[in-house]
1. Quick check on this structure: which one of 265, 281, 256 is at pLDDT below 90 and either within 29 Å of residue 215 (Cα to Cα) or assigned by TED's automatic domain parsing to the domain that holds residue 91 (or both)?
2. Among the residues that make up the stretch 441-453, is at least one of them modelled with pLDDT of 90 or more, within 13 Å of residue 474 (Cα to Cα), surrounded by 15 or more Cβ atoms within 10 Å (Cβ to Cβ) and in the same structural domain as residue 473 (by TED's automatic domain parsing)?
3. Being in contact (Cβ under 8 Å) with a residue 24 or more places away in the chain, in a strand (DSSP E or B) and in contact with a strand residue (DSSP E or B) (Cβ under 9 Å, 6 or more places away or on another chain) is the filter here; which residues of the stretch 204-214 pass it?
4. Is it fair to say residue 371 is surrounded by 20 or more Cβ atoms within 10 Å (Cβ to Cβ) and either farther than 26 Å from residue 233 by Cβ or touching a helix residue (DSSP H, G or I) at 6+ places or on another chain (Cβ under 8 Å) (or both)?
5. Condition test on residue 188, is it on the phi > 0 side of the Ramachandran plot and at pLDDT 90 or above?
6. For residue 297, work out the one condition from (1) part of a loop (DSSP other than H, G, I, E, B); (2) buried (at least 18 other Cβ atoms within 10 Å of the Cβ); (3) modelled with pLDDT of 85 or more it doesn't fulfil.
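The values are calculated or read from the model by the stated rules, or taken from the named source; none is laboratory data. Predicted, not measured: the structure shown is a model, and the values here were computed from it. Cβ coordinates were reconstructed from backbone atoms using ideal geometry, including for glycine residues, and neighbour counts include every protein chain displayed.
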């Protein structure tokens, strides 16, 4: 098998470290019902190393040494030869029905594989080492090279290179790709500087065709040793899971396989039990979309040094499943990103760039969902009970209406005492307003600032004006035209309660009067909206 920090493809066997993350056996978070699990070797295993299985259409792709080197030992091959990419035909139950054959496009003077395939985009993400592409083709490698991720597509029935993952770097390895079935998220392993261990897991999101800067998955996933061979299940698989191999946890021995929900806080990381994990190295698991079978690699006693095993199981649809909720603008029919959704489970969720939340647990009762976001009326919808005994996803949409002709209180707008500078917490809230104005370029609004009654009326009016102007300057600096927004400071002239000069009030009552508001002009007369809960800024 091919390690990220050795171009020769060798894993170094090192002692296992214990992880600080507790391994969960929560019934609701099982990846499948392990009581139904069966495991068996596949017919195409050779006496050499066969690893990194990946389902590609009706074939199983895997990495191995070329069959022309059949009589050579693995020890000699690892020093001189390159891994090639092979395939074998499979049936609908995942049984290997064909013979192993090399994929000629990848019979190169590079190590090729493991791979990850996205059927939606037709992309094959291929682990490959660096090398001199202008050099004469030779059967033996002469130097150690780092790994990178290349992207191929089939053109006229042949795999052709179409792109290179933009965060490849010859100074370190980037490999072992795992792409979601939608093609918008890539998890990979790398030994780049700044990680937690020898090799760490990272992920990158693709937005509008552009891969964003990779993010380290953090110390709950990554240990001081190696995390490699990630795989992402499809979203219908009782919610999406990340499966990965680690040498830095309290497993059974060598590399062991683990899984956790993705994305999540990674507090629950589960260790696969026997027969998936053994005292040998167990790694590189893959499960095709909608299947009740999969494959893994292990160097347990078998045909060769590393063998591929087929696993079968039953998907238990009574296990915890998830709703898919969309939040959309009712007029533009476009998704609303960053909306807050309060669920019947009393948890708050945030919509992604597609206006979607996919981690709300299903239940067999109706569920009341409430969506909030800046500039829109709060919207509540009662969702029907999930269909628990089916693969069918529970999908719903909340349509939100823009607020016009009303004053909207902006919470979380903070200032230091007696100052008008925008603090980072306030900038995050104003960024939501910027996003709304960019989404609706025809929108204009007035931003107003209010104080409580403490201090002189003249001073409070000036302070509130400075604060309103400071907020407007920030919004304009983010690309909003100055003609679209105006600032007005009202001081203490528009109190929301009885706390005028000379009236004794509690701190929280004064806090209710300290607020920032926006007003979006429309048809009709403006009406004041009383705050139900105060802005938590403690300073006037």
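1. 265
2. Scanning the stretch 441-453, I find at least one residue that is modelled with pLDDT of 90 or more, within 13 Å of residue 474 (Cα to Cα), surrounded by 15 or more Cβ atoms within 10 Å (Cβ to Cβ) and in the same structural domain as residue 473 (by TED's automatic domain parsing), so the answer is yes.
3. 204, 211
4. Details: surrounded by 20 or more Cβ atoms within 10 Å (Cβ to Cβ): yes; either farther than 26 Å from residue 233 by Cβ or touching a helix residue (DSSP H, G or I) at 6+ places or on another chain (Cβ under 8 Å) (or both): yes.
Yes, satisfied.
5. no
6. Going through (1) part of a loop (DSSP other than H, G, I, E, B); (2) buried (at least 18 other Cβ atoms within 10 Å of the Cβ); (3) modelled with pLDDT of 85 or more one by one, residue 297 breaks only (1).
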